[in-house]
């Protein structure tokens, strides 16, 4: 049986260290480690993680070898613009819309997030999928980790994580007024930086010398 391909946004990784979300985020991460699902990440997540606390960066480094990494593409940016033109979210929340666009273009089975304010909401899910389907994409299933993990049931009263909430972070501003080529270059650079950081951490854990900058070129 084919494994479900699941795009886990940055809040899922950060949720492993938040008391309200840890049991469900860690359970889902365990599902990825045990091979129940196929993990999908992106260069946007890598760029966001570069600004995250040390423990989040360490976990991201551990997960990278398990994951398919999606690059930012012109196709995903065009879909992002379509979401924006329909007013699904404000322009300051482009990063949230870009996660949806990347997962949709890649045809993943599920996107998981703890962002109940902007992503895991019935009205928003319907709006995103309405635009996507008009443009010929299949609808994207969007759930919280609690609804996807093979473990247990969710507790109540969830809230967005501040450190990865775009309303508390200016990372989304990079998209404003930039060309597709500039945006792709920005997230490619961020994703590559996260990849280098992850490989250094993996080498440290294995007792190997850290790769030099020339080895990344």
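Values in this text are rule-based calculations from the coordinates and carry no lab data. Predicted, not measured: the structure shown is a model, and the values here were computed from it. All Cβ positions, even for glycine, are placed from backbone atoms using ideal geometry, and neighbour counts span all protein chains on display.
Using the 10 angstrom Cβ neighbour count as an exposure proxy, how do 47, 150, 73 rank, fewest first? List each step's numbers first, then the result.
Values: 47 23, 150 11, 73 16.
Exposure proxy ranking, most exposed first: 150, 73, 47.
Report the gain in length on full extension from residue 74 to residue 176: 0.36 nm times residue separation, minus Cα-Cα distance, nm rounded to one decimal.
On the way: separation 102, 0.36 × 102 = 36.72 nm, distance 1.54 nm.
Between residue 74 and residue 176, full extension yields 35.2 nm more.
Given points 7 Å out from each Cα along the Cα-Cβ axis, report the residue 206 to residue 22 separation in nanometres with one decimal.
Calculated label separation equals 2.9 nm.
What do you get for Rg/Rh over the chain if you use C-alpha atoms and the Kirkwood form of Rh? Provide the component values of the computation, followed by the final result.
Numbers: Rg = 16.7 Å, Rh = 17.6 Å.
Value, to two decimals: 0.95.
Once you sort the root eigenvalues of the Cα gyration tensor of the range 11-50 as a ≥ b ≥ c, which label holds: rounded (a/c under 1.5), prolate (a/b larger than b/c) or oblate (the other case)?
Details: a/c = 3.25, a/b = 1.10, b/c = 2.94.
In terms of gyration-tensor shape, oblate.
Could you check which residue among 129, 115, 55 shows the biggest mean-square fluctuation in a GNM of the chain with a 10 Å Cα cutoff?
Taking springs between Cα atoms under 10 Å, the residue moving most is 55.
Could I have the simple spin-label model distance between residue 51 and residue 33, label points 7 Å from Cα toward Cβ, reported in nm to one decimal?
2.9
Can you give the relative contact order of the chain as a percent, counting alpha carbon pairs under 8 Å and 6+ residues apart? Spell out each step's value before the answer.
Values: 326 pairs, mean separation 63.7, N = 217.
The normalised contact order for the chain reaches 29 percent.
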